[in-house]
Amino acid sequence: MTAYRPTDPVRSLDEVRAAIPKEFSSQTGKIIDHVDDYVRVWIERSPFVAMGTFDRAGRADVAPKGDPAGFVRVLDEHTLAIPDRPGNHRWDTFANILETGRIALMFLVPNRNEVVRVNGRAEIVRDRPLRESMAVNGRVPEFAILVHVEEAFYHCGKAVLRARLWQPDEAAPTDGLPTYGAALKKHASMPEPVEVIEGWMRGNEIHRMYDE
């Protein structure tokens, strides 16, 4: 496949504004610098957050984080705590936080089209009382991510509506999609048969939700 080369790249924000000139004061003025009651209740109802970080070289990463609603704790109006659950042992998020300390979060609530976005500074902590308060099935997380909130705001629901995210009857069929095991075998050049790898993945989903 021939590499794509853009023919009309955008080089400045002025070009964007020229094409889409209207600005809404409600959108520029809606950002607050703390967690108020509106933002707090959304975070407490959210079972899923997308977590964006980046390293010193500017390489970005977005990681999914999910748990029963309320897993992200609002400690005060400027501080969130997110437990670290067993994952893929790549530690991309941790490495990025240790390098730059910057984080961006997007909280989803099922059956609501809007999202809540939070941006700020992050650090990794091992505060025992905090970690114990976020235990599940007796499993205390080894670490927690503290987020020091600098920006928080609601984002309109057009993207979720266009995706029909909460309309599973309209979802595209999954027939023909590669399994996780098949992708691992190809991308990681694993010698084991796909069936063996998929068995490991099923065990991973059953036995490693909260335990390593």
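The values are calculated or read from the model by the stated rules, or taken from the named source; none is laboratory data. Computed from a predicted model, the values in this text were never measured in an experiment. Reconstructed Cβ throughout: ideal geometry from the backbone, glycine too, with neighbour counts over all protein chains shown.
Things to note:
- Pick from segment 76-91, criterion farther than 15 Å from P141 by Cβ and either modelled with pLDDT of 95 or more or among the hydroxyl-bearing types (S, T, Y) (or both), ranking: surrounded by the fewest Cβ atoms within 10 Å (Cβ to Cβ): D76
- Among the conditions (1) under 22 Å from L165 (Cα atoms); (2) touching a strand residue (DSSP E or B) at 6+ places or on another chain (Cβ under 6 Å), R112 misses just one, which is (2).
- Subset of segment 110-148 [of a type in the set (D, E) and under 21 Å from A50 (Cα atoms)]: E114, E123, E142
- Residues in segment 124-149 that are in a helix (DSSP H, G or I) and touching a strand residue (DSSP E or B) at 6+ places or on another chain (Cβ under 9 Å): L130, R131, S133.
- Within segment 180-212, being aromatic (F, W, Y) and in a loop (DSSP other than H, G, I, E, B) holds for one residue alone: Y210.
- Count of segment 34-58 residues which are closer than 18 Å to G101 by Cβ and exposed (fewer than 12 other Cβ atoms within 10 Å of the Cβ): 3
- Unique residue being outside any helix (DSSP H, G or I) and exposed (fewer than 13 other Cβ atoms within 10 Å of the Cβ) when the list is L177, L165: L177
- When residues of segment 131-148 are limited to those that are surrounded by fewer than 17 Cβ atoms within 10 Å (Cβ to Cβ) and touching a residue at least 24 places away in the same chain (Cβ under 8 Å), the one farthest from H78 (Cα to Cα): N137
- Among the residues of segment 150-162, those identified as within 12 Å of E114 (Cα to Cα) and part of a strand (DSSP E or B) are F153, Y154, H155.
- Pairs where the first residue, in segment 160-171, is of a type in the set (K, R) and the second is modelled with pLDDT under 95 and surrounded by 10 or more Cβ atoms within 10 Å (Cβ to Cβ), C-beta under 9 Å, 6+ apart: R164/A171
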